[in-house]
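> Below is a structure I'd like to ask you about.
The values are calculated or read from the model by the stated rules, or taken from the named source; none is laboratory data. Please read these numbers as outputs of a predicted model, since none were measured by experiment. Cβ placement follows ideal geometry from the backbone for every residue including glycine, while neighbour counts extend to all protein chains displayed. Note: areas computed on protein heavy atoms with side chains; ligands, DNA, RNA excluded. Shrake-Rupley method; radii C 1.70, N 1.55, O 1.52, S 1.80 Å.
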Amino acid sequence: MDQLTLDSWGTSPKPAVMRVSEVTAVITSLLDTPELTNIRVTGEITNFKRHGSGHLYFSLSERQGEKEFVIRCTIWKTAAKYLPWKPEDGMIVEAFGSINHYERSGQYNLIVTQMWQSGAGEKALLIERWKRELGLKGYFSPERKRPLPDYPTKIGVVTSETGAVIHDIQNVLSCRFPVEIILSPTAVQGPTAHDEIAAAIRRVAPMVDLVIVGRGGGSYEDLFAFNNPAVVEAIATCPVPVIAAIGHEVDVTLADLAADVRASTPSHAAELAVKDRKSELEMISQIRGRIFRRLLTRVEQADEELNDLRDRLSPVRMNRTLADRRQYLVDITDRMNNLSDLSLGRFRVQVRELNARLEARNPSGILMREIPERRIRIADLNEQLCRGADTFLARYRAEIESLSKILEARSPYAAARDGYCIVFKDGKTVSSARVLSEGEMVDLRFRDGSASAVIDQVKPHEEV
């Protein structure tokens, strides 16, 4: 490739002509170096696209002054499905992969196999692994969530004793409902914070009706302790319900997922923990008013019922009622007597009609009238049956005689009357001389008997 040739128009040298495939092969060999294999690249995601096949395509860009540097990136579907978060344009990320050159298009891409949000990296993967492991234990199951007590008397607060969380909770509770607050102080960030938080939860749980685990807003690193399995397990196994109020509303830790109730802020947690005293008093006042109105209505109804009973039990009214009842009984008696007379007359008429109908349908009378007619009819039928049977028998006798004559005429034994006989061999008739052999025994059947014979000679037909 280093060979030089002379220009046809002069003596100036020029490089040898190369094919496009040769150039791309050189580029591929140059890019296939350890410096561009298994590298980490940080930058901002731009032009992010998710292909229908599941592959992810985007660019990592970096701006320095007025210049912008861009690397095209690809995450194949097999690696994309293990990505624990959703990439978006504008995110600062750290990608791990190798440079690959596509000779057909002449472009090079960074094939990404792993990717982390900047600042998270290994911690994000660790949190995702913790989430899967703790989820298998059922710590995040909705069925495990417990309802908060309606009127707790003691509330434990697990937070920093110097932070603003405890003061916010105290201010809200003092305005809503009188309740005792027991602070279980702990560090809320740092390398040992997760063990202190878990210990603080276990320490205060036996003394209260409800536990609030809280901390103010902070960075991803500041909230990392609340993702630790020690904290999640302490919340999930706490004997009393737990409210988690960690960070801001957009911050979601594993402790939030394990808690029975998640609050957006510590103040919101305090509002969820107790009812508003003013609202409760108003509700009690409304209930008291409804009870009073119902009692008043019931007393008025009872007074009306009592007055009605007095009127009904007075002597004058009772005498009037008895007189009315006596007159009613007299009227009923007269009506019953009249109805009895009318009913008895109707029953007599009906009985006479029924007797007449029964007499008309008496079996003995019917038989006496119908027996002579039936006898005549039976005699006629018997005569018709005898005539029909004689005719039928005569017709069939004639047919039988005719068939007998035909059968007799066609019988093989009919020829025996004219001097012929039938030859049998082994119990079967012999219809051809060819089946006989000299010396064989045969039977001869005549009209009036049979005889046995020995074949002395067999002659074919043509010799007869």
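> Among THR113, THR74, THR78, which is the only one that is closer than 25 Å to ASP32 by Cα, touching a residue at least 12 places away in the same chain (Cβ under 8 Å), among the hydroxyl-bearing types (Ser, Thr, Tyr) and open to solvent by 70 Å² or more (accessible area, probe 1.4 Å)?
On inspection, the qualifying residue turns out to be THR113.
> Inside region 14-50, can you point out the residues that are in a strand (DSSP E or B), open to solvent by 40 Å² or more (accessible area, probe 1.4 Å) and touching a Ser or Thr at 6+ places or on another chain (Cβ under 7 Å)?
Selection gives LYS14, THR42, GLU44, ASN47.
> Within the set of pairs 6+ apart or on separate chains, which have a first residue in region 428-443 that is without any contact (Cβ under 8 Å) to a residue 40 or more places away in the chain and within 11 Å of VAL458 (Cα to Cα), a second that is open to solvent by 70 Å² or more (accessible area, probe 1.4 Å) and of a type outside the set (Ser, Thr, Tyr), and C-beta atoms under 8 Å apart?
Taking only residues 6 or more apart or on different chains, the pairs are ALA433/LYS459; ALA433/HIS461; GLU438/ASP456; GLU438/GLN457; GLY439/VAL454; GLU440/VAL454.
> For region 56-71, which residues satisfy the criterion of being open to solvent by 70 Å² or more (accessible area, probe 1.4 Å) and modelled with pLDDT of 90 or more?
Correct list: TYR57 only.
> Of the residues that make up region 146-162, is at least one assigned to a strand (DSSP E or B), free of Cβ contacts under 8 Å to residues at least 60 places away in the same chain, within 30 Å of THR28 (Cα to Cα) and open to solvent by less than 30 Å² (accessible area, probe 1.4 Å)?
no
> Sticking with this structure for a sec: If only one of THR159, THR186 is of a type in the set (S, T, N, Q) and within 18 Å of HIS268 (Cα to Cα), which one is it?
None of the others qualify; the one that does is THR159.
> Do we have any residue at all in region 134-143 that's touching a Leu at 6+ places or on another chain (Cβ under 6 Å) and not in a strand (DSSP E or B)?
yes
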